[in-house]
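Accompanying notes for the structure given below.
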Amino acid sequence: MKIIHWLREDLRLFDNPALHYAASQGDVVPVFIYPEGLGSASYWWLHHSLRHLADSLREKGVPLILRTGEPTVVIREIAKDIDADAVVWNRVYSPSGITLGEAMKCELSRDGVANQSFNGQLLIEPTKIFNKQGKPFKVFTPFWRHCLSVLNPSELLPKPDFKKHSMHLESDSLDDWGLRPTKPDWASGLKRLWQPGERGAQDRWHRFIETSANKYLGGRDFPSKPNTSLLSPHLVFGEISPRQLWHDTNECIAIQAVDSSNGNKFLSEIGWREFSRYLLVHFPSIEERPFNERFNAFPWQDNSVLIEAWKRGKTGYPIVDAGMRELWHTGYMHNRVRMIVASFLTKHCLSHWKHGMDWFWDTLVDADIANNTASWQWVAGCGADASPYFRIFNPILQGDKFDKDGTYIKQWVPELKDLPKKYINKPWEADELTLSVANVKLGKHYPFPIVDHTQARNAALAAYQVIKQ
């Protein structure tokens, strides 16, 4: 049999259901089609991930075919060229991904080509989980509690053995896709931090289990400490499967290599990833509109000067600026800081959450439509199971609590590195002598706050009253 494996968000060999099935049935032709609409940082990651995957497949005697075009047209053309018996793929759980998958099934069936899709991205199938009333869950805790009561992920699938074949197909050149930045090459910080690809994902995962997993519960909120897994971009591109994380974590708990409190907290974060996709499947409109429809009438102000200062890490609030600069240089931001900067944009600046969502989409290596949408709406107060709008993070107190020594701030806002920690989260309160000794001149070396915290908080609460009434 000749089987096309249409690669989507599953750039790995290990525990890849569609690829494993294809290899077990006959000659496999792996095809990846240029994805439109990714952000700049995601395209950088994709280049290196595809390079790694192509090398891994080549070692097994199978070429990776790259093509550009409308996926249903491209796959049907290849199927016709090689007289394919079947096409398989792993499902993508986004509105556009679902629509495309359904269209592919329809077109292939019309052509008389067998086809089958698999769940290679989630622990659960979103369309099979409902509450006692038979409706989709809208709150995370009961959703995850229910999932835990029924979850029984199948065993992990080994890397497949491929049958060598003599089919030769034209392929685009990865370099010709131009996924990497050149003029200028802004990706130097990304290169230092990340190793895209399946091998990088496995290395990162094992390093987390060995060094950080037992500090996860108490340490995950502190951005200067390496207590998070940093697996999110690897999961976005499918370089590691959530089933592996589930099985490995539970095995570590069972043998007491990881204590249950830390292990289960990590698994609950995998649960949040599941919940984000679950929401997008059942409520696809949230990609464009707030889950809480009252927020359609919210009086966002969208001050372009404030938005631009936020993007550049020039707000005058050190913990916010540190996060935004970390994002720009590394394509990543610590999760606690993501909540702080998102709250600042939506509540201190009264800017629509979509401005932040779009900026994150372009700059994050782990940009993911489900997580990005759900998380921004959660912080803005308009999402499912959202943080109440009136919960407005105080960036000064957040900095004092989670970066009290200023280690994180001094790394990303070096102009404040000599400021005493008493003032590291509020440099405007330092006297002139202290600022002079630290070589800080506010308004020159570092900006004054673009908004006053108390006034901004009051304005946000007043705006909330508009829709509350």
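The values are calculated or read from the model by the stated rules, or taken from the named source; none is laboratory data. All of these numbers come straight from a predicted model, not from anything done at the bench. In this analysis, Cβ positions are derived from the backbone assuming ideal geometry, glycine residues included, and neighbour counts consider all displayed protein chains.
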Does any residue in segment 1-16 that is on the phi > 0 side of the Ramachandran plot come within less than 6 Å, Cβ to Cβ, of a residue that is surrounded by 24 or more Cβ atoms within 10 Å (Cβ to Cβ) and in a loop (DSSP other than H, G, I, E, B) six or more places away or on a different chain, and which pairs are these? D15/S241
Options K404, K314, K347, K354: the member that is basic (K, R) and buried (at least 24 other Cβ atoms within 10 Å of the Cβ): K347
Selected residue (only one of S166, S232, S261 is among the polar types (S, T, N, Q), in contact (Cβ under 8 Å) with a residue 60 or more places away in the chain and not assigned by TED's automatic domain parsing to the domain that holds V31): S232
Within segment 422-439, of all residues that are buried (at least 17 other Cβ atoms within 10 Å of the Cβ) and not charged (D, E, K, R), the one nearest to V379 (Cα to Cα) is N425
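Which is outside the structural domain of S42 (by TED's automatic domain parsing) and over 30 Å from F291 (Cβ atoms), of E251, E274?
Values: E274 fails: over 30 Å from F291 (Cβ atoms).
Selected residue: E251, the only one of E251, E274 that is outside the structural domain of S42 (by TED's automatic domain parsing) and over 30 Å from F291 (Cβ atoms).
Looking at segment 72-94, is at least one residue free of Cβ contacts under 8 Å to residues at least 12 places away in the same chain and under 28 Å from L174 (Cβ atoms)?
If we filter segment 72-94 for residues that are free of Cβ contacts under 8 Å to residues at least 12 places away in the same chain, which is where we start, we get 73, 77.
From what is left, the residues that are under 28 Å from L174 (Cβ atoms) are 73, 77.
Yes, there is a match, as at least one residue in segment 72-94 is free of Cβ contacts under 8 Å to residues at least 12 places away in the same chain and under 28 Å from L174 (Cβ atoms).
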Among all residue pairs at least 6 apart or on different chains, which show Cβ distances below 6 Å where the first residue, located in segment 304-323, is assigned by TED's automatic domain parsing to the domain that holds H348 and at pLDDT 95 or above and the second is small (G, A, S) and in a helix (DSSP H, G or I)? T315/A309; I319/G399
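Determine whether segment 230-241 contains at least one residue that is on the phi > 0 side of the Ramachandran plot and either in contact with a Gly (Cβ under 6 Å, 6 or more places away or on another chain) or aliphatic (A, V, I, L, M) (or both). Before you say what the answer is, go through the steps one by one.
Applying the first criterion (on the phi > 0 side of the Ramachandran plot) to segment 230-241 yields 230, 238.
Restricting the remaining residues to those that are either in contact with a Gly (Cβ under 6 Å, 6 or more places away or on another chain) or aliphatic (A, V, I, L, M) (or both) gives 230.
Yes; the residues of segment 230-241 include at least one that is on the phi > 0 side of the Ramachandran plot and either in contact with a Gly (Cβ under 6 Å, 6 or more places away or on another chain) or aliphatic (A, V, I, L, M) (or both).
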What's the total number of residues in segment 56-73 that are surrounded by fewer than 20 Cβ atoms within 10 Å (Cβ to Cβ) and farther than 30 Å from D185 by Cβ? 5
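So, G97, is that one small (G, A, S) and within 27 Å of the chain's Cα centre (by Cα) or not? Lay out the reasoning, then the answer.
Values: small (G, A, S): yes; within 27 Å of the chain's Cα centre (by Cα): yes.
It is true that G97 is small (G, A, S) and within 27 Å of the chain's Cα centre (by Cα).
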Which numbered condition R180 misses (of (1) part of a loop (DSSP other than H, G, I, E, B); (2) farther than 26 Å from Y34 by Cα; (3) of a type in the set (K, R)): (2)
Conditions first: (1) over 19 Å from the mean Cα position of the chain (by Cα); (2) surrounded by fewer than 22 Cβ atoms within 10 Å (Cβ to Cβ); (3) among the β-branched types (V, I, T). V258 passes all but one, so which condition is the exception? (2)
Quickly run through segment 18-45 and pick out the residues that are under 21 Å from the mean Cα position of the chain (by Cα) and among the aromatic types (F, W, Y). F32, Y34, Y43, W44, W45
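Considering every residue within segment 84-99, establish whether at least one is acidic (D, E) and in contact with a Gly (Cβ under 8 Å, 6 or more places away or on another chain). Full working, then the answer.
Within segment 84-99, the first condition is being acidic (D, E), and the residues that meet it are 85.
Now drop any that are not in contact with a Gly (Cβ under 8 Å, 6 or more places away or on another chain), which leaves 85.
Yes, because at least one residue in segment 84-99 is acidic (D, E) and in contact with a Gly (Cβ under 8 Å, 6 or more places away or on another chain).
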Could you check segment 8-55 and list, in sequence order, the residues that are surrounded by fewer than 20 Cβ atoms within 10 Å (Cβ to Cβ), polar (S, T, N, Q) and either farther than 19 Å from K163 by Cβ or touching a Pro at 6+ places or on another chain (Cβ under 9 Å) (or both)? S24, S40
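With more than 20 Å from I240 (Cβ to Cβ), in contact with a His (Cβ under 9 Å, 6 or more places away or on another chain) and at pLDDT 95 or above as the only criterion, which of P95, P71, P63 stands out?
Details: P95 fails: in contact with a His (Cβ under 9 Å, 6 or more places away or on another chain); P71 fails: in contact with a His (Cβ under 9 Å, 6 or more places away or on another chain).
Just a single option satisfies the conditions, and that option is P63.
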Inside segment 297-412, counting only helices (runs of 4 or more DSSP H) that do not spill past its ends, which hold 3 or more residues that are within 24 Å of L190 (Cα to Cα)? 304-312, 318-330, 335-343, 353-363, 369-380, 407-412
Give the residue that is farthest from the chain's Cα centre (by Cα), with candidates limited to residues of segment 225-247 that are surrounded by fewer than 20 Cβ atoms within 10 Å (Cβ to Cβ), not in a loop (DSSP other than H, G, I, E, B) and not polar (S, T, N, Q). H247
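This table checks each residue for (1) touching a strand residue (DSSP E or B) at 6+ places or on another chain (Cβ under 9 Å); (2) surrounded by fewer than 22 Cβ atoms within 10 Å (Cβ to Cβ); (3) not aromatic (F, W, Y).
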{"site": "E251", "(1), (2), (3)": "no, yes, yes"}
{"site": "G263", "(1), (2), (3)": "no, no, yes"}
{"site": "G271", "(1), (2), (3)": "no, no, yes"}
{"site": "E274", "(1), (2), (3)": "no, no, yes"}
{"site": "Y278", "(1), (2), (3)": "no, no, no"}
{"site": "V281", "(1), (2), (3)": "no, yes, yes"}
{"site": "I286", "(1), (2), (3)": "no, yes, yes"}
{"site": "R289", "(1), (2), (3)": "no, yes, yes"}
Just to be sure I understand, how many residues within segment 402-460 are closer than 28 Å to K225 by Cβ and among the charged types (D, E, K, R)? 11
Being in contact with a helix residue (DSSP H, G or I) (Cβ under 7 Å, 6 or more places away or on another chain), outside any loop (DSSP other than H, G, I, E, B) and within 20 Å of M333 (Cβ to Cβ) is the filter here, so list the residues in segment 413-445 that pass it. L416
Options L397, L419: the member that is surrounded by 22 or more Cβ atoms within 10 Å (Cβ to Cβ) and farther than 30 Å from P95 by Cβ: L419
